[in-house]
Amino acid sequence: MTTKFPIASTLFALFLFSPALALFGNTSTKAAEIYSAACASCHGSDGRGAPISQVGFDLPLPDFTDCNFAVREPDSDWNAVAHAGGPARAFSRLMPAFGDALGPEELQLATAHVRTFCTDNAWPPGEFNLPRMLVIEKAFPEDEAVFESAVAAQGDGAVSNAIVYEKRFGARNQFELSVPFGRQERATADGGGWQGGIGDIAAGVKRTLFFSRVTGSIFSVAGEVLFPTGDREKGFGRGTTIFEPFLSFGQILPSEFFLQSQAGAAIPVDTQRADNRGFFRFGTGRTFTQGQFGRSWSPMIELLGARDLVAGRTFQWDLVPQIQVTLSRRQHIMMNVGVRTPLTDARSRDTQVLFYFLWDWFDGGLFTGW
Ligand code: HEC
């Protein structure tokens, strides 16, 4: 069992080293010392992973100098792994649990030292990756695939779905493609029935303009184009190209609370077919963790306001209470379900049940990490 060797030597080093810990005053020196005693035998003193000849196993070690990988992981995930071992986030047992050998503050220092291996400050940290709301577009750039669904809870039957694909590029940018499709019940001359079709396909880019660890804020600008790919006659598209610029803002609050908001406009090329529209969306929520490092539950509420930019129209408001839950142990697969209730014009707009299934594909395959 060669694999026992690095673990045993690490624990022995810790044993020798722990009385010395108290002597270090400077936290960054202390963090470096803890890292080199507890973590470097496997992760390497440079954070790139020690060679197979030294660790005695051939499982690839993460490269902590790779900002694209390292910065997106929030401290909470790394602390869970350092404390309870790889299996806490469905990684290998070869990543040992240090919860018994090191106290929470020492582990925090060890992960803080791991953070120093990425030296490029352009990357927004994973803490800003707040839970995705059902409607508001978050400010954090993401690698994810989402299946979204909206089902009419009253009136004629209607189901609209979309597959959304998001891909990061560079430190702060994201590309997005959204393909909507749906089915709806319609009255026709021969009695009516369900009709299906594809909607208006959208493509967009987002860029984070600003983030601050000090204030806990992140701010991004984005632009989307909706192409008239849907069949307007059947009610699946607007029949004109629409430009949608918007701003997104996220704010981390104390005690796992957060705010997210989005404001923008929809500007159609052909105003005979769709009106210019402005929108404002505001949401808040809190994340609850089951057990010490378990599943995350995030109840949230969104307030959605939109107004056609035409004289005489008024604001339409909707409320969307919802709950997001992580499904996989890696926390890279999650779902959210909520209800969109009109607060104004309730007669002309239906209540809808909204749902999504989300896969952060960068963190692992659909069938790994459970
Ligand atoms: C005995 C070898 C060993 C030691 C010692 C060790 N690790 Fe690890 N660690 C691993 C392995 C192997 C993996 C990869 C697991 C996988 O990919 O399934 C890993 C993964 C990790 C990850 C997960 C990265 C990700 O993909 O999200 C973190 C964080 C981490 N280690 C932190 C630490 C810290 C902090 C210490 C010291 C307190 C430490 N490790 C000590 C072997 C070790």
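Summary of values
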read-out: Among (1) in a strand (DSSP E or B); (2) modelled with pLDDT under 95; (3) of a type outside the set (Ser, Thr, Tyr) - the single one Arg232 does not satisfy; value: (1)
read-out: Scope the range 241-285; condition at pLDDT 95 or above, hydroxyl-bearing (Ser, Thr, Tyr) and more than 17 Å from Asp318 (Cα to Cα); matching residues; value: Thr241, Ser248
read-out: Residues of the range 57-76 satisfying the condition of being at pLDDT 90 or above, part of a helix (DSSP H, G or I) and within 13 Å of Val114 (Cβ to Cβ); value: Cys67, Phe69, Ala70
read-out: Residue match in the range 152-160 (condition: open to solvent by 30 Å² or more (accessible area, probe 1.4 Å) and within 20 Å of Val205 (Cα to Cα)); value: no
read-out: Answer residue from the range 85-95, given it is buried (at least 18 other Cβ atoms within 10 Å of the Cβ) and not in a loop (DSSP other than H, G, I, E, B) and is nearest to the ligand (Cβ to nearest atom) among those; value: Arg89
read-out: Tally, over the range 172-205, of residues that are over 16 Å from Phe227 (Cα atoms), within 20 Å of the chain's Cα centre (by Cα) and buried (at least 16 other Cβ atoms within 10 Å of the Cβ); value: 2
read-out: Extreme residue, farthest from the chain's Cα centre (by Cα), among residues of the range 35-49 that are near the ligand (Cβ under 9 Å from one of its atoms) and over 15 Å from Leu109 (Cβ atoms); value: Ser41
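The values are calculated or read from the model by the stated rules, or taken from the named source; none is laboratory data. None of these values were measured; they are calculated from a predicted model. Cβ atoms come from the backbone with ideal geometry, glycine included; neighbour counts cover every protein chain shown. Side chains are part of the model used for accessible areas, which takes the heavy atoms of the whole protein and leaves out ligands, DNA and RNA. Shrake-Rupley method; radii C 1.70, N 1.55, O 1.52, S 1.80 Å.
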